[in-house]
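Following: one structure in structure tokens, then a few remarks.
Laboratory data are not the source of any read-out in this text; all were calculated from the coordinates shown. These numbers come from a predicted model, not from an experiment. With ideal geometry, Cβ positions are generated from the backbone for all residues, glycine too; neighbour counts draw on all protein chains shown.
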Amino acid sequence: MRARDFLILLLVCLAWGYSNVLSKIVVGQWHVPPLFFAAIRFAVVVLATLPWLWPMPRPRLRVATIGLLMGAGNFALLFIGLQTASPSSAAIVIQIGVPFTTLLSIVLLGERIHLRRGIGIALTLAGVVLVVWNPNGVALSAGLWFIVGAAFAGSLGAVMMKQVEDVAPLRFQAWVGLVSCLPLAIGSALFERGQWTSAIAIGWPFVAAVLFAALVVSVVAHTSYYALIRRYEANLLAPLTLMTPLATIAFGVALTGDHLDGRMIAGAALALLGVLVVAMRARPKTALLTEREQA
């Protein structure tokens with residue numbers, strides 16, 4: 001990978017990691033209602049990507065469903081979970097999305113699990129279990145259950161996305177924002193109270209947090225990552241994106257005082273190793289033969 005592109009990927013992962021901790025501050029310390037925060041975030045995304053909204057990608061129903069899963073469903077559950085879960089534990093537990101994606105690919109796309117991917121899934125699950133373990137057994141808090149739900153929603157959306165072709169990244173971001181904003185706003189109006197009061201009480205720091213989450217993370221970082229996907233193989237990029245949970249843990253310890261003990265470090269190492277094993281797929285034999293012929 002070119003040094004410039006690696007720097008871009010590093011900045012993307014740092015932005016994602018910082019966003020996770022910032023979201024914890026917004027919903028956990030500032031007590032901004034999570035559905036409201038998500039709705040405002042996606043409203044800004046829609047405004048920023050409005051020129052790319054039309055024409056709507058096809059198939060329309062599938063694109064709308066993917067947008068709801070990867071937008072409203074994923075972020076609503078994530079923000080609700082971050083009200084009580086620490087960013088560090090959330091960053092580790094959400095890695096369960098990798099086994100989810102693999103299993104859903106089997107069910108929906110007919111893919112097969114080979115030995116290597118099976119080992120990777122087992123390691124990831126073992127790492128997550130170790131993180132939520134206590135002397136009385138496994139204790140997954142309510143917040144972490146929501147994080148698991150967010151991982152499942154994102155994984156299902158990602159698998160469904162594999163069946164949609166030729167969607168420009170900014171157009172996809174525009175429709176994720178559009179289909180997510182309204183249901184989140186309705187959910188906030190029905191189930192949350194004091195949204196605007198809490199936002200106004202925080203003032204400009206809340207505005208800055210929303211702009212960072214919407215513009216820097218959703219628009220700039222995601223679009224940059226999609227551009228890298230087009231340029232490099234997935235089995236090169238996927239392991240490097242493990243910088244995101246590491247950045248989340250580092251920012252969590254520094255900014256929100258996350259407790260990080262030996263058990264969590266071991267669990268994180270196991271989970272990230274599992275993700276790495278799943279991501280590092282074997283190269284196709286045809287590619288290897290081509291290289292040998294060229295040599």
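Before moving on, here are some points about what is shown:
- 3J(HN,Hα) couplings calculated from phi for segment 22-30 with the Karplus curve 6.51 cos²θ - 1.76 cosθ + 1.60 (θ = phi - 60°) are, in sequence order, 4, 4, 4, 4, 5, 8, x, 9, 7 Hz; Gly and Pro show x.
- Each Lys or Arg adds one and each Asp or Glu takes one away; over the other residues whose Cβ falls under 13 Å from the Cβ of Thr248, this sums to 0.
- Rounded to the nearest 20 debye, the dipole magnitude of the chain is 560 debye, with +1 charges on Lys and Arg beta carbons, -1 on Asp and Glu beta carbons, and the Cα centre as origin.
- Expressed as a fraction of 2.2 N^0.38 Å, the value expected for a compact globular protein of N residues, the C-alpha radius of gyration of the chain is 1.01.
- Trypsin sites (Lys or Arg not before Pro) restricted to segment 155-195 and DSSP loop, no more than 14 other C-beta within 10 Å: Lys162, Arg193
- Mean residue ellipticity, 222 nm, helices only, the chain: the sum of -39500 (n - 2.57) across DSSP H runs of n ≥ 4, divided by residue count and rounded to 500, is -22500 deg cm²/dmol.
- Most mobile listed residue (Ala151, Ala38, Ala64) in the chain, GNM with C-alpha springs under 10 Å: Ala64
- Charge sum, other residues only, whose C-beta stays under 13 Å from Phe37's C-beta, Lys/Arg counted +1 and Asp/Glu -1: +1
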